[in-house]
């Protein structure tokens with residue numbers, strides 16, 4: 001262990017393996033058609049992995065084609081880290097932010113109405129900018145954002161594209177059910193997307209880029225294959241897109257860990273934690289861990305979750321508190337204050353993944369890693385060595 005990082009491992013912390021991110025990005029690229037770019041989706045603080053260091057360190061090991069985020073602020077934060085690749089904003093961009101993102105350069109807002117395109121055009125005109133690059137979003141069947149795929153939507157999109165300061169670099173849409181084995185809906189959305197794109201290009205008199213593939217579609221491509229820019233989201237971080245999509249050799253990039261701060265014996269019949277929701281049915285060895293729901297470890301894991309200590313799974317007893325929780329360590333006679341407890345990750349042959357936790361809660365791994373709170377430092381490993389820390 002590098003002693004300079006010990007300070008950040010005293011309570012609860014997340015370890016981010018940059019080599020895992022690089023492995024996952026490289027693996028995804030192998031599924032794509034030749035010439036297809038691959039955007040790393042780093043919205044929501046890189047799905048909780050820490051956007052600045054995750055991006056900087058990934059770029060030391062591989063050249064990422066570009067990035068996708070959800071908000072203008074995320075795009076500006078990413079540009080401020082010094083990356084020079086293009087950044088696509090997948091979500092709504094308020095016109096209030098247009099001037100900032102134009103000034104930053106290389107940030108592509110998403111447009112899905114004539115009115116917003118006109119404001120973007122007028123802002124560029126006021127700034128003396130000849131053309132402002134953007135992507136148009138198409139609603140191909142998810143009904144979230146995008147120009148409608150009917151004739152009215154096409155007319156509106158063409159009208160917006162013909163504004164003199166607007167340069168439509170590409171068009172994108174999002175699959176609703178690509179993470180399911182039944183691809184009927186996915187193929188239907190592809191048909192809608194290709195038809196709209198072809199008609200749109202005919203109307204504006206030129207070809208544009210297209211982006212449709214998400215993690216699930218990258219892992220299990222459709223017969224038509226990928227287009228200009230695929231978008232690698234959850235599988236960049238080594239989590240599954242769904243139970244129906246093979247995770248293959250994708251490696252989870254984050255491990256969440258804490259420390260044992262007390263070990264003691266609870267007599268038979270005693271209650272443990274708030275509300276005494278667990279009653280010891282026998283004399284029990286209990287370890288207190290310095291992590292809780294304010295750190296992002298879910299309270300609904302009370303009396304049902306497990307952690308790993310010294311290579312053995314230990315059940316949570318009592319309610320998860322805001323800053324601490326208790327686990328049963330019967331059979332671990334040598335457990336001691338200061339021992340590491342793995343909340344998710346691997347210890348020897350024993351592993352708990354964020355996906356395992358999500359499954360037990362009826363949710364998805366995205367929510368588990370995105371939920372790790374700001375007070376948890378992210379410590380980054382590159383080639384097996386700790387190299388950076390993000391204290392949030």
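Among the residues of the stretch 169-183, the ones that are buried (at least 23 other Cβ atoms within 10 Å of the Cβ) and either outside any loop (DSSP other than H, G, I, E, B) or at pLDDT below 95 (or both) come to 3 in all. The condition (being more than 18 Å from the chain's Cα centre (by Cα), assigned by TED's automatic domain parsing to the domain that holds residue 168 and either within 30 Å of residue 176 (Cβ to Cβ) or at pLDDT 95 or above (or both)) is satisfied by just one residue among 292, 233, 271, 205: 205.
For residue 85, the criteria (1) touching a residue at least 24 places away in the same chain (Cβ under 8 Å); (2) surrounded by fewer than 21 Cβ atoms within 10 Å (Cβ to Cβ); (3) under 20 Å from the mean Cα position of the chain (by Cα) hold in every case but one, which is (1).
In the stretch 20-50, of all residues being under 19 Å from residue 250 (Cα atoms), touching a strand residue (DSSP E or B) at 6+ places or on another chain (Cβ under 7 Å) and in a helix (DSSP H, G or I), the one that is modelled with the highest pLDDT corresponds to 25. Screening 225, 205 for residues that are free of Cβ contacts under 8 Å to residues at least 24 places away in the same chain and surrounded by fewer than 17 Cβ atoms within 10 Å (Cβ to Cβ) leaves exactly one candidate, 205. The set of residues in the stretch 94-112 being touching a residue at least 40 places away in the same chain (Cβ under 8 Å) and either part of a helix (DSSP H, G or I) or touching a helix residue (DSSP H, G or I) at 6+ places or on another chain (Cβ under 7 Å) (or both) consists of 111 alone.
Output the number of residues of the stretch 343-369 satisfying the condition of being more than 20 Å from residue 289 (Cα to Cα) and buried (at least 18 other Cβ atoms within 10 Å of the Cβ). Within the stretch 343-369, residues that are more than 20 Å from residue 289 (Cα to Cα) and buried (at least 18 other Cβ atoms within 10 Å of the Cβ) number 5.
No other residue among 368, 309 is without any contact (Cβ under 8 Å) to a residue 60 or more places away in the chain and assigned by TED's automatic domain parsing to the domain that holds residue 277 apart from 309. What is the one condition in (1) assigned to a helix (DSSP H, G or I); (2) at pLDDT below 95 that residue 224 does not satisfy? For residue 224, the failing item is (1). Summed over the stretch 324-344, the residues that are touching a residue at least 60 places away in the same chain (Cβ under 8 Å) and either out of contact with any helix residue (DSSP H, G or I) (no Cβ under 9 Å at 6 or more places or on another chain) or outside the structural domain of residue 358 (by TED's automatic domain parsing) (or both) give a count of 9. Has the stretch 320-338 got any residue that is in a strand (DSSP E or B) and surrounded by fewer than 20 Cβ atoms within 10 Å (Cβ to Cβ)? Checked against the condition, which is being in a strand (DSSP E or B) and surrounded by fewer than 20 Cβ atoms within 10 Å (Cβ to Cβ), the stretch 320-338 yields no hits at all.
So for the stretch 271-287 (the condition being in contact (Cβ under 8 Å) with a residue 60 or more places away in the chain and in contact with a strand residue (DSSP E or B) (Cβ under 9 Å, 6 or more places away or on another chain)), does at least one residue qualify? The answer is no, given that none of the residues of the stretch 271-287 is in contact (Cβ under 8 Å) with a residue 60 or more places away in the chain and in contact with a strand residue (DSSP E or B) (Cβ under 9 Å, 6 or more places away or on another chain).
The values are calculated or read from the model by the stated rules, or taken from the named source; none is laboratory data. Not measured: the values here are computed from a predicted model. So basically every Cβ, Gly included, is an ideal-geometry build from the backbone, and we count neighbours across all protein chains shown.
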